[in-house]
Amino acid sequence: MKKILTGILIATFASTASLSAQDLGIQVGKRAPGAIVKDLNGKNVDLGSYIGKTPVFIEFWATWCGNCQHLEPSLLAAQKKYGRTVRFIGVAVSANQSRERVGLYATRHKLKHAILYDDEGNATDAYDVPATSYIVVVNKQGKVVYTGVGGDQNIEAAIRKAL
């Protein structure tokens, strides 16, 4: 949880500037780990159950994150374009929000991808998440091919690395 609080500070000061891949977070080339999170009904879900089947796009986000909101149109466009071949997952961090608040946000913003809630910080720890608006892209073999943080990431270029 310390990591995510540090990440909040980084996200606050980074504004919409994008940090380069591999500077922070899980290392590119490493196998993506599993981690127990919850779905919006409170049921346990293992992120590992998505790994190694199709390419996976994971965003660690929060309802209050300005960078995440800045990324949202690009994320929705990429999901529309690649949704048949790439699994999109939003992992909401637990700092200053609730499962209910995340669910309301997802409904209001018409988010159609899997929305999970990291209430215990398991995923943020497993992926060494430095901040909200942190993206991890995993290829079909389960290897991390892209990481990045900030509001100006090229989501489509990141996804193409996994295809």
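For residues that are open to solvent by 80 Å² or more (accessible area, probe 1.4 Å) and polar (S, T, N, Q), scanning just the range 11-32, find the one that is modelled with the highest pLDDT.
Q27
State all residues of the range 55-114 that are farther than 24 Å from V145 by Cα and among the basic types (K, R); if no residue qualifies, say none.
Within the range 55-114, R99, R101, R108, K110 qualify.
Restricting the search to the range 63-85, which residues are over 21 Å from A32 (Cβ atoms) and among the hydrophobic types (A, V, I, L, M, F, W, C)?
W64, C65, L76, A77
This table checks each residue for (1) aliphatic (A, V, I, L, M); (2) at pLDDT below 95; (3) within 15 Å of the chain's Cα centre (by Cα); (4) open to solvent by 20 Å² or more (accessible area, probe 1.4 Å).
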site: G34; (1), (2), (3), (4): no, no, yes, yes
site: D39; (1), (2), (3), (4): no, no, yes, yes
site: N44; (1), (2), (3), (4): no, no, no, yes
site: I51; (1), (2), (3), (4): yes, no, yes, no
site: F60; (1), (2), (3), (4): no, no, yes, no
site: C65; (1), (2), (3), (4): no, no, yes, no
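The values are calculated or read from the model by the stated rules, or taken from the named source; none is laboratory data. Given the structure is predicted, the values throughout are model-derived calculations rather than measurements. Note that each Cβ is placed from the backbone with ideal geometry, even for glycine, and that neighbours are counted across all protein chains shown. SASA here: full protein model, heavy atoms, side chains in, ligands and nucleic acids out. Shrake-Rupley method; radii C 1.70, N 1.55, O 1.52, S 1.80 Å.
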